[in-house]
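Enquirer: Shown below is the structure under consideration.
The values are calculated or read from the model by the stated rules, or taken from the named source; none is laboratory data. What you are looking at is a predicted structure, and each value in this text was computed from that prediction instead of being measured. As a convention, Cβ positions derive from the backbone with ideal geometry for all residues, glycine included, and neighbour counts pool all protein chains shown.
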Amino acid sequence: MHPETRVVHVVAPVPAAAGSRPMAVPLYQTSSFAFDDPAVLADSMTRPDGAFVYSRMTNPTVRALEETVAALENGAAALATSSGMGAINLLLHGLLRSGDHVVAQRSLYGGTYATLQDLSVRYGIGVTYISGHDAEELRAAIRPTTRVLYLETISNPTGHVSDLPALAPIARAAGVLTVVDNTFATPLLGRPIEQGADIVVHSATKYLGGHSDVTGGLAVFADEDRYREMWEHAVEFGAAADPFAAWLTLRGMQTLPLRMRRHEENAAVVAGFLNDHPAVAAVRWTGLADHPSHAVASRFLSGFGATFCFDLAGGYDAAVAFSTKIGLISLAPSLGGTGTVLMHPASTSHRQLDEDELAAAGIGTGMIRIAVGIEHPDDLLADLGQAL
Ligand SMILES: Cc1ncc(COP(=O)(O)O)c(C=O)c1O
């Protein structure tokens, strides 16, 4: 099935009933399920494919979301979590042991970067950061203790795209698992498992949910055995998705293909406008030919996304002044909703980074991150124009 069809025709797991089925996925807002047979209950607590038992372990609404996203990503199975960070921490804690080593791309979401730093301090997990564009750099970074290669398809906030098709085989040959955060690309623009990744991560809070009304995450596994192993860890970790959040995400996902097309069309218009504006020093949309990741992204993604950065010529003070003057556009964290939002990473999402770390991650002090929504582009340009 094409993604456009898959998101609409979600298979609802319902008890067998004669003659009809619900058009929408039912919301199973229940913490637990009742059993007649204690042996069936006991068995269901040991595996993800037994009877639905307890919503921290399995839930039909959550399962419908997991199966839909696993299918979109061409994975074997998925685990839905309470947030994107829930999925990232579930994986990093579940895959790593003290003394292990991670190779990660330098340009990463600030929360992921902070988690890697934290794991390093708490458990002695070594982290080596690489550019993501150079196969030799990865080969040199891999140690006997390396367990995970961690990438973002289109990075937050700089739009960096690592050369996944070149890196994944090197990781696999060394017995290293490739984990890719596909939040910015969504399975519509990129499917990392098809390019050799072992696990894909999503913040469903963003484009999957798509309406700024739900917090959620997912981990999608290429391999069924790895999914089962992580399911057992997830039951202990306790960051399971709430059924209502899963239901909202599924509802939002029905329009994901339509929204992504419009988000990206608008992003191209906004990037072009900013590029021509004298108050803007640089525009870092991956879709522009001068973006350092443009060539690699063009090779294996089918789009460039709609969240990107631009630098104001006036630096930090200009960025703060600009973000107070916008009207229609909201000054807000997160991204991927229908309305356009922007923020100033140096003082917000990446505040954990000192000046050197900011520079290493490619984040300027006058840099604004914009997540272009699905409004009429003329209204967006009018608001940006007056604020600039
Ligand atoms: C690329 C990326 N991954 C993960 C996360 C974390 O997701 P959540 O906020 O749902 O925990 C974010 C949040 O901004 C993100 O941008």
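Enquirer: State whether the residues of segment 366-375 include one that is touching a Leu at 6+ places or on another chain (Cβ under 6 Å), more than 16 Å from Ala281 (Cβ to Cβ) and not charged (D, E, K, R). Reasoning before the result, please.
Expert: Kept after step one, since they are touching a Leu at 6+ places or on another chain (Cβ under 6 Å), are these residues of segment 366-375: 366, 368, 370-371.
With more than 16 Å from Ala281 (Cβ to Cβ) added as a condition, the list becomes 371.
Retained after the next criterion (residues that are not charged (D, E, K, R)): 371.
So far as segment 366-375 goes, yes, one or more of its residues are touching a Leu at 6+ places or on another chain (Cβ under 6 Å), more than 16 Å from Ala281 (Cβ to Cβ) and not charged (D, E, K, R).
Enquirer: Sticking with this structure for a sec: Considering only residues that are within 10 Å of the ligand (Cβ to nearest atom) and not in a strand (DSSP E or B), look in segment 209-227 and name the one that is farthest from Ser162 (Cα to Cα).
Expert: Val214
Enquirer: Out of Leu108, Leu72, Leu116, I need the residue that is in the same structural domain as Glu236 (by TED's automatic domain parsing) and over 23 Å from Tyr227 (Cα atoms). Which one? Step through it out loud before you land on a result.
Expert: Details: Leu72 fails: over 23 Å from Tyr227 (Cα atoms); Leu116 fails: over 23 Å from Tyr227 (Cα atoms).
The match here is Leu108.
Enquirer: Still on this structure, please answer the following. Among Thr46, Thr81, which is the only one that is surrounded by 20 or more Cβ atoms within 10 Å (Cβ to Cβ) and assigned by TED's automatic domain parsing to the domain that holds Gly190?
Expert: Working: Thr46 fails: surrounded by 20 or more Cβ atoms within 10 Å (Cβ to Cβ).
Of the residues listed, the single one that is surrounded by 20 or more Cβ atoms within 10 Å (Cβ to Cβ) and assigned by TED's automatic domain parsing to the domain that holds Gly190 is Thr81.
Enquirer: Would you check if there is a residue in segment 242-250 being within 12 Å of the ligand (Cβ to nearest atom), under 15 Å from the mean Cα position of the chain (by Cα) and under 30 Å from Val53 (Cα atoms)?
Expert: Restricting attention to segment 242-250, the residues satisfying the condition of being within 12 Å of the ligand (Cβ to nearest atom) are 245, 249.
Now restrict to residues that are under 15 Å from the mean Cα position of the chain (by Cα): 249.
Next cut, under 30 Å from Val53 (Cα atoms) only: 249.
There is at least one residue in segment 242-250 that is within 12 Å of the ligand (Cβ to nearest atom), under 15 Å from the mean Cα position of the chain (by Cα) and under 30 Å from Val53 (Cα atoms).
Enquirer: Okay, moving on. Specify the residue that is farthest from the ligand (Cβ to nearest atom); the eligible residues are those in segment 301-317 that are under 20 Å from Asn266 (Cβ atoms) and part of a strand (DSSP E or B).
Expert: The residue in question is Phe310.
Enquirer: Follow-up question, since we're still on this one. Please specify each residue of segment 256-279 satisfying the condition of being surrounded by fewer than 20 Cβ atoms within 10 Å (Cβ to Cβ) and more than 18 Å from Ser302 (Cβ to Cβ).
Expert: Residues satisfying the conditions are Val269, Gly272, Phe273, Asn275, Asp276, His277, Pro278, Ala279.
Enquirer: Filtering segment 185-208 down to residues that are of a type in the set (Gly, Ala, Ser) and farther than 25 Å from Arg262 by Cβ, which residue is farthest from the ligand (Cβ to nearest atom)?
Expert: Keep residues of segment 185-208 that are of a type in the set (Gly, Ala, Ser), which gives 185, 190, 196-197, 203-204.
Okay, now just the ones that are also farther than 25 Å from Arg262 by Cβ, so 196-197.
Values: Gly196: 20, Ala197: 15 Å.
Ranking the candidates gives Gly196 first.
Enquirer: Something else now. Being closer than 18 Å to Ser107 by Cβ and not assigned by TED's automatic domain parsing to the domain that holds Ile154: is that true of Phe273 here?
Expert: Criteria not met by Phe273.
Enquirer: Ok, one more. What strands (runs of 3 or more DSSP E) completely inside segment 119-185 contain at least 1 residues that are of a type in the set (Lys, Arg) and within 22 Å of the chain's Cα centre (by Cα)?
Expert: On the way: elements: 126-130, 146-152, 177-181.
Here the list reads 146-152.
Enquirer: A further question follows. Would segment 52-60 turn up any residue that is of a type in the set (Ser, Thr, Tyr) and within 22 Å of the chain's Cα centre (by Cα)? Can you show your working first?
Expert: We begin by selecting, within segment 52-60, every residue of a type in the set (Ser, Thr, Tyr); these are 54-55, 58.
Retained after the next criterion (residues that are within 22 Å of the chain's Cα centre (by Cα)): none.
No, there is no match, as no residue in segment 52-60 is of a type in the set (Ser, Thr, Tyr) and within 22 Å of the chain's Cα centre (by Cα).
Enquirer: Here is a further query. For segment 318-357, give me each residue that is away from the ligand (no atom under 16 Å from the Cβ), surrounded by fewer than 15 Cβ atoms within 10 Å (Cβ to Cβ) and among the charged types (D, E, K, R).
Expert: The answer is Lys325, Asp354, Glu355, Asp356.
Rundown of residues vs (1) out of contact with any strand residue (DSSP E or B) (no Cβ under 6 Å at 6 or more places or on another chain); (2) modelled with pLDDT of 95 or more; (3) more than 16 Å from the ligand (Cβ to nearest atom); (4) among the charged types (D, E, K, R), yes/no style:
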{"residue": "Gly75", "(1), (2), (3), (4)": "no, yes, yes, no"}
{"residue": "Gly94", "(1), (2), (3), (4)": "yes, yes, yes, no"}
{"residue": "Tyr109", "(1), (2), (3), (4)": "yes, no, no, no"}
{"residue": "Ser120", "(1), (2), (3), (4)": "no, yes, yes, no"}
{"residue": "Ser131", "(1), (2), (3), (4)": "yes, no, yes, no"}
{"residue": "Arg139", "(1), (2), (3), (4)": "yes, yes, yes, yes"}
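Enquirer: Looking only at residues in segment 358-384 that are part of a helix (DSSP H, G or I) and in contact (Cβ under 8 Å) with a residue 60 or more places away in the chain, which one is surrounded by the most Cβ atoms within 10 Å (Cβ to Cβ)? It would help to see each step written out before you state the result.
Expert: Filtering segment 358-384 for residues part of a helix (DSSP H, G or I) gives 358-360, 377-384.
Subset that is in contact (Cβ under 8 Å) with a residue 60 or more places away in the chain: 360, 377, 380-381, 384.
Working: Ala360: 13, Pro377: 20, Leu380: 21, Leu381: 17, Leu384: 24.
By that ranking, first place goes to Leu384.
Enquirer: Given the options Ala104, Ala34, Ala39, Ala87, name the one that is surrounded by fewer than 23 Cβ atoms within 10 Å (Cβ to Cβ) and assigned to a helix (DSSP H, G or I). Let's see the steps before the verdict.
Expert: Numbers: Ala104 fails: assigned to a helix (DSSP H, G or I); Ala34 fails: assigned to a helix (DSSP H, G or I); Ala87 fails: surrounded by fewer than 23 Cβ atoms within 10 Å (Cβ to Cβ).
Every option except Ala39 fails the conditions.
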